Amino acid sequence: MELCSSAPPTTSFYFNKSCLLSQPISSISFSKFFTPINKGFNSLRISRASRQFSHSSRNFSIFARSAAAPAAAEEAVKEPLPADLIVEETQEPNCRIRLSVEVPSIICEDCHKRVINEFMKKAKVPGFRPGKKVPESILVSYIGKDGVQKSIVESILKRTLPHAMSSVDGRALKDSIRITSTFAEMEKTYSSLKVLRYELVVDVAPEVKWVPEDGYKNLKIVVELDSEIDAKTAAERELRQRYKSLSTMRIVTDRGLQIGDVAVLDISATTSEQDGSEVKNVPAAESKGFHFDTEDGDRVIPGFLDSIIGMRGGETKSFPLVFPESWKQDDLRGLPCQFTVDCKELFYRELPEMNDAIADKLIPGCTTIEQVKESLLERCLELEQTAKDQATDNAILDELRKMVQVEIPQTLFEEQGRQLYGGRLLQIQANMKLNEEQLATLSGPTAVREYLENQRENIENIIKQNLAVGDIFKRENLQFSTDELVKEVESSVSEFKKHNQEYDEESIQEQVQEILEGAKVLEWLRENADIEYVTK
């Protein structure tokens with residue numbers, strides 16, 4: 001999957017093109033992105049921190065390591081040059097460096113000789129025996145002047161790029177190099193001056209600045225917990241739900257709706273301007289055949305339950321209500337609506353007696369109601385702790401994001417956005433089973449660009465968190481054991497084998513390492529932070 005600069009490619013030479021040409025954001029390539037590595041990554045069972053860092057298959061530590069990873073142009077052996085290049089470095093926004101390179105004529109002439117010699121070895125010029133030296137003018141005439149010149153320019157680029165990149169060795173982000181000069185411009189300069197000039201841009205690893213300095217060492221965090229995660233309340237609610245599942249539903253015929261009943265409702269809603277004009281339906285507040293359990297009255301708009309209590313089957317009732325400002329759907333907050341409710345049917349529950357005889361039906365293996373209650377409470381305590389830890393980690397990461405100042409290279413932005421968007425498409429595909437046409441639309445250039453722009457703030461916030469965590473791991477010299485790494489890699493590999501999927505063990509190891517690093521940082525921060533818990 002390739003997502004790079006939206007600028008069109010400006011070069012077209014033939015050596016190692018993939019690492020130097022910046023392709024436009026044209027599409028999502030599923031064959032490259034949707035590899036089994038995500039499954040193994042998400043299946044790791046190492047610590048609660050993994051929940052924080054599993055949103056992307058490349059996380060905070062990859063940003064730190066990618067600076068040290070040699071770019072493709074740097075991987076080439078630096079052949080000695082007969083003279084020094086003239087390289088001018090210009091710092092640009094978002095950790096981008098522009099390098100203006102001039103290759104002296106002596107280097108160009110040396111590359112010229114090499115290209116001619118190679119052609120002489122391989123070209124079969126009529127009238128000359130193989131291996132026989134061919135006059136250069138005849139050779140150029142036979143091959144074509146344009147072809148020879150293109151080959152010379154390519155040779156100069158291939159030989160000089162590693163030297164031109166010397167000033168950013170160890171800082172350049174992988175796959176971020178892009179030559180911005182057009183091939184035609186380079187050919188023209190070489191043809192007229194016998195020197196070569198070209199420009200390239202490269203993203204370098206960002207520097208993380210803490211405000212205040214070392215502020216992460218004195219974190220003060222207020223963690224808001226949802227009242228619904230309270231273990232005792234959740235256990236009681238779960239027991240009630242399981243108990244109700246054993247009931248037999250009977251139709252109510254001789255009375256109106258009471259607490260404990262279930263009503264089948266058709267609900268419509270309208271809203272209008274203050275002067276009563278322009279009455280409009282509110283589809284988000286409407287429902288057909290809605291099975292409403294009156295014991296869940298706290299989960300509907302305030303006043304709704306009180307307004308329908310006493311309704312009989314077949315009755316219709318209309319009443320006004322206003323959605324509270326705290327309503328979960330943004331577009332409904334504070335909206336006044338006129339509700340019309342048709343009560344289609346009413347049911348009451350016929351419940352068995354709550355005693356030890358039904359314990360096994362509530363939780364298989366339990367013999368008493370007390371055992372059922374203890375088992376449910378134990379499970380809910382685990383869930384409560386998990387939710388508490390998750391909320392704590394979220395609060396810590398959010399605070400870290402606010403404390404760091406960092407320029408975000410476009411390479412990292414697009415990489416993170418690509419991973420998030422790819423994960424989103426995976427989820428959509430799993431839930432909806434998209435056909436090829438739908439998949440092509442969602443993975444096309446328009447959808448990709450819209451996602452990156454719409455989610456820019458979210459993407460940048462994630463990168464800031466990741467960079468902050470990676471910086472803390474380095475600053476505090478945190479470590480994890482080799483045994484932990486080996487164990488989790490083996491666990492992930494076993495998941496792939498279990499599902500008969502291909503995998504790249506090196507990629508798995510990299511991802512496991514990132515998760516372990518994140519877990520260590522969050523563990524260190526929880527131990528050193530001042531954390532206060534409040535209930536919403």
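The values are calculated or read from the model by the stated rules, or taken from the named source; none is laboratory data. Since we're looking at a predicted model, the values are computed, not measured. So basically every Cβ, Gly included, is an ideal-geometry build from the backbone, and we count neighbours across all protein chains shown. Remember, those area values only see protein heavy atoms, side chains included, never the ligands or the DNA or RNA. Shrake-Rupley method; radii C 1.70, N 1.55, O 1.52, S 1.80 Å.
Worth a mention:
- Restricting attention to region 188-210, the residues that are over 20 Å from Pro93 (Cβ atoms) and either crowded, with 18+ Cβ neighbours inside 10 Å or touching a Leu at 6+ places or on another chain (Cβ under 9 Å) (or both) total 5.
- Subset of region 504-531 [over 15 Å from Glu476 (Cα atoms) and of a type in the set (D, E, K, R)]: Asp504, Glu505, Glu506, Glu510, Glu514, Asp530
- Scope region 386-420; condition assigned to a helix (DSSP H, G or I) and touching a Pro at 6+ places or on another chain (Cβ under 8 Å); matching residues: Met403, Leu412
- Meets criteria (surrounded by fewer than 19 Cβ atoms within 10 Å (Cβ to Cβ), modelled with pLDDT of 90 or more and touching a helix residue (DSSP H, G or I) at 6+ places or on another chain (Cβ under 7 Å)) for Gln405: no
Each row is one residue, and each column tells you yes or no for (1) within 20 Å of Arg237 (Cα to Cα); (2) in contact with a Lys or Arg (Cβ under 8 Å, 6 or more places away or on another chain).
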residue	(1), (2)
Cys337	no, no
Val341	no, yes
Asp356	yes, no
Gln385	yes, no
Asp389	no, yes
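- Across region 252-278, the number of residues qualifying as in contact with a Leu (Cβ under 7 Å, 6 or more places away or on another chain) and either among the β-branched types (Val, Ile, Thr) or open to solvent by 20 Å² or more (accessible area, probe 1.4 Å) (or both) comes to 2.
- Scope region 364-374; condition surrounded by fewer than 17 Cβ atoms within 10 Å (Cβ to Cβ) and either under 12 Å from Ala235 (Cβ atoms) or of a type in the set (Ser, Thr, Tyr) (or both); matching residues: Thr367, Thr368, Glu374
- Contact annotation: residue pairs with Cβ atoms under 7 Å, 6 or more positions apart or on different chains, pairing a residue in region 214-226 that is within 15 Å of Thr535 (Cβ to Cβ) with a partner that is assigned to a strand (DSSP E or B) and of a type in the set (Phe, Trp, Tyr), are Val223/Tyr533; Leu225/Tyr533.
- Residue match in region 333-352 (condition: over 21 Å from Asp298 (Cβ atoms), open to solvent by less than 50 Å² (accessible area, probe 1.4 Å) and of a type in the set (Gly, Ala, Ser)): no
For every residue, the table says whether it meets (1) of a type outside the set (S, T, N, Q); (2) touching a residue at least 12 places away in the same chain (Cβ under 8 Å).
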{"site": "Gly303", "(1), (2)": "yes, yes"}
{"site": "Asp306", "(1), (2)": "yes, no"}
{"site": "Gln329", "(1), (2)": "no, yes"}
{"site": "Pro364", "(1), (2)": "yes, no"}
{"site": "Leu377", "(1), (2)": "yes, yes"}
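- Counting only helices (runs of 4 or more DSSP H) that sit wholly inside region 421-536, those with at least 2 residues that are modelled with pLDDT of 90 or more and open to solvent by 20 Å² or more (accessible area, probe 1.4 Å) are 445-454, 456-475, 482-498, 505-528.
- If the condition is being exposed (fewer than 14 other Cβ atoms within 10 Å of the Cβ) and either assigned to a strand (DSSP E or B) or modelled with pLDDT of 95 or more (or both), then region 85-105 contributes Ile86, Glu88, Glu89, Thr90, Gln91, Glu92.
- Residues within region 306-331 that are open to solvent by less than 90 Å² (accessible area, probe 1.4 Å) and within 19 Å of Asp266 (Cβ to Cβ), tallied: 13
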